[in-house]
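For reference, the structure is listed below as structure tokens.
Each value in this text was obtained by applying a stated rule to the coordinates, not by laboratory testing. All figures in this text were calculated on a predicted structure; none of them were measured in a lab. In this analysis, Cβ positions are derived from the backbone assuming ideal geometry, glycine residues included, and neighbour counts consider all displayed protein chains.
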Amino acid sequence: MAAKVLGDSAKSYTDIATSIDSHLGKIDESQQHFIRQVTDSARDMGTAASSMETVSTLLSDRLRTDLEQITRNLNESSTRLAAVDSNLIGTTDALAHAATEMRAAAQALGSGERRGWLKIRRH
């Protein structure tokens, strides 16, 4: 009877060992799968970081180029505005001179010369 109990115990231990071995195999398989996922994720993150660096460099270069163009455009606009301002000063002076001459002409017409013109016209 003791031999039978020992045999049953040995079979039970063997079954437990087989079950433990099976579970250890599944744990190993799960760990290998996890390692593959972590490795793939790390590789993907490296690729993404590299791509982001490339995009950042391209955007930075493009931004620098655009800012340089904007600066050139502003300088050209400033030069044109200075020329327009200079021309406006000349135009303002010419208009002031013309206004003075028109005022003098209006005063001359309002004086005796105007009355003389009216007398001539009546004849």
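Using the Karplus equation 6.51 cos²θ - 1.76 cosθ + 1.60 (θ = phi - 60°), what ³J(HN,Hα) coupling, rounded to whole Hz, does each residue of the range 79-94 give in order, writing x for Gly and Pro?
Result, ordered by residue: 4, 5, 5, 5, 5, 5, 4, 4, 5, 5, 4, x, 5, 4, 4, 5 Hz.
Kindly write out, for the range 43-54 in residue order, the coupling ³J(HN,Hα) from the Karplus curve 6.51 cos²θ - 1.76 cosθ + 1.60 (θ = phi - 60°), rounded to whole Hz, with x marking Gly and Pro.
The phi angles translate into 5, 5, 5, x, 5, 4, 4, 5, 5, 5, 5, 4 Hz.
Once you sort the root eigenvalues of the Cα gyration tensor of the range 23-78 as a ≥ b ≥ c, which label holds: rounded (a/c under 1.5), prolate (a/b larger than b/c) or oblate (the other case)? Walk me through the numbers on the way to the answer.
On the way: a/c = 14.59, a/b = 9.58, b/c = 1.52.
It is prolate, given that a/c is not under 1.5 and a/b is the larger ratio.
Here are some values of percent of Cα pairs over 24 Å apart: (1) 25; (2) 76; (3) 45. Which one was computed from this structure?
From the options (1) 25; (2) 76; (3) 45, the structure gives (2).
With +1 assigned to the C-beta of every Lys and Arg and -1 to the C-beta of every Asp and Glu, and no other charges, what is the dipole magnitude of the range 2-122 about the Cα centre in debye, to the nearest 20?
Using Cβ point charges on Lys, Arg, Asp and Glu, the range 2-122 gives about 1660 debye.
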